[in-house]
Amino acid sequence: HEQRLRSVQPFFDEFLAVITELGNKLGPLLLQLPEDFRHTEQEYLEAFLEILPQQQQFAIEFRHGSWIKETTFRLLEQYQVAWVVVDAPFLPRITRVTAPFAYVRWHGRPGYQTKRQLDPMAALRLWTPLLRELGQQVPRVYGYVHNRFSGYAPRDCQILQRLLGEE
C-alpha cells in the first residue's frame, strides 16, 4: 500500500524468496491495492506486472471503481493475473475471468456481523450460481473469506463447501 507499486523490486524479491518455500502448497498470491489507487496510476501497475514471475499465480484486488474497464481486463489477461471478484461495499461485484483460475474474496458488508445475520447461509447461498459459473470457465476457483464477513471465516468456508456439494 505505501509503495503504490513503485520501487518494490527488492521487497518483492525478498518476499517471493520466502513465500515460495511453501512449494506446491502455495496457491495464488493476492495483491491488494490501496483504496485510493486509481486508474491514473496504470503505468505503475504495468511496470509491476512486468516483474511478476511466470511460474507463480497472482490475483489482484482493485479497490477503486476507476479500474472497472476493458483496458484493465485486457492488461490482466495479458499477464495472466486474476481479477478478484469481491463481495465488499466499496465495489460492485464484477465477475470476470482474466487468468487460468478465478479468485473470489468475501469481505462482508455492513450488517453481516449483527444479530440479524447469525446464519450466513442465506448470504452465501447467493454465491453458489456464480461460483458454479466460474468453475465452468476455469479448472480452479480460489476463495478467501474475511472474518468480517460474518465473524467466523472457517465456518463460512464449510458452509460454502456444503452449498457447492464439496468436501
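The values are calculated or read from the model by the stated rules, or taken from the named source; none is laboratory data. Everything quoted here is computed from the prediction, not taken from an experiment. Using ideal geometry, Cβ is built from the backbone for each residue, glycine included, and neighbour counts are taken over all protein chains shown. Note: accessible area is taken over every heavy atom of the protein model, side chains too, but ligands, DNA and RNA are not part of it. Shrake-Rupley method; radii C 1.70, N 1.55, O 1.52, S 1.80 Å.
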Go ahead and run the numbers for FRET between E2 and H146, Cβ-Cβ distance against an R0 of 25 Å, rounding to 0.05.
0.75
Using the heavy atoms of the protein chains and a 1.4 angstrom probe, tell me the accessible area per residue for the chain in square angstrom.
58
Only Lys, Arg, Asp and Glu count, each charged at its Cβ (+1, +1, -1, -1), so figure out the dipole size of the chain about its Cα centre, rounded to 20 debye.
800
For the chain, what is the mean residue ellipticity at 222 nm derived from helices alone (per DSSP H run of n ≥ 4: -39500 (n - 2.57); sum divided by total residues; nearest 500 deg cm²/dmol)?
-10000 deg cm²/dmol
Compute the signed sum of charges (Lys and Arg +1, Asp and Glu -1) over the other residues within less than 15 Å, Cβ to Cβ, of G65.
0
What is the chain's relative contact order, in percent, from Cα pairs under 8 angstrom and six or more apart in sequence?
16
Per GNM of the chain with C-alpha springs under 10 angstrom, the most fluctuating residue out of R96, R63, R132 is R132
